[in-house]
Amino acid sequence: MSVITNDERSLLDRAAGFDESALSEIYDCHQEALYRYAMRLLGDQQLAEDCIADTFLRFLKALSRGIIPQENLRAYLYRISHNWITDYYRRNARNNEQDLMEYIPSKKDLAEEVEKEMQGESVRSAILTLTPEQQQVIILKYFEGWQNAEIAQFTGKRVGAVKALLHRSLASLKNRVEEKGN
């Protein structure tokens, strides 16, 4: 697991003292990526905004209790967002199929784009059949662009376990896409 850099440690120390510029810097640096993550999982702009607002509120509450992340701040904030999203789905008993509805943008201008959309729909449907853990690593790796070490830190697994999980997830995804194509 990566340790927080000296610059990030200094930023977090200032944030723990509720320095407005430090808190703004953290928000500005992370809110856009967290919003994209929340939109992909929630598929609703208002819910994604609520998730981000509550993520930073929970972060501030943790700071006020003296809880300061000791490792990757980005992973820490994603964990808070992920927990909010998980809690939302538990509270609302939503169908698991809605977890990943916004992954592949709709494009309908040309025949080629329609073909891509059909392929995308097939992949999206196949992703929805994976386990939540498999969905999560695919999202973080291929849609959010995370490195394996960051995913490991986020999930609490070793890098080797993340690589194995990614490999199994992609193999399952490939099989399911091929099954739908036949």
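No lab work stands behind these numbers, since they all come straight from the coordinates. Keep in mind it's a predicted model, so treat the numbers as computed, not measured. Cβ: placed from backbone, ideal geometry, glycine included. Neighbour counts: every protein chain shown.
Is the shape of the range 125-176 best called rounded, prolate or oblate, per the rule: a/c under 1.5 gives rounded, else a/b larger than b/c gives prolate, else oblate, with a ≥ b ≥ c the square roots of the Cα gyration tensor eigenvalues? Judged from the Cα gyration tensor, the range 125-176 comes out prolate (a/c at least 1.5, a/b above b/c). Between rounded, prolate and oblate, where does the range 1-95 land on the alpha carbon gyration tensor, with a ≥ b ≥ c its root eigenvalues, rounded for a/c under 1.5, else prolate if a/b exceeds b/c? Here the range 1-95 falls in the prolate category.
Segment residue 60..residue 31, full-extension length gain: 9.0 nm, with 0.36 nm per residue of separation and the alpha-carbon distance subtracted. The residue among 86, 34, 62 whose Cα reaches farthest toward the positive pole of the charge dipole of the range 1-95, with charges on the beta-carbon of Lys, Arg, Asp and Glu, is 86. Residue-wise HN-Hα couplings along the range 26-35, as the Karplus relation 6.51 cos²θ - 1.76 cosθ + 1.60 with θ = phi - 60° gives them from phi, are 4, 4, 4, 6, 10, 5, 5, 5, 5, 5 Hz; Gly and Pro carry x.
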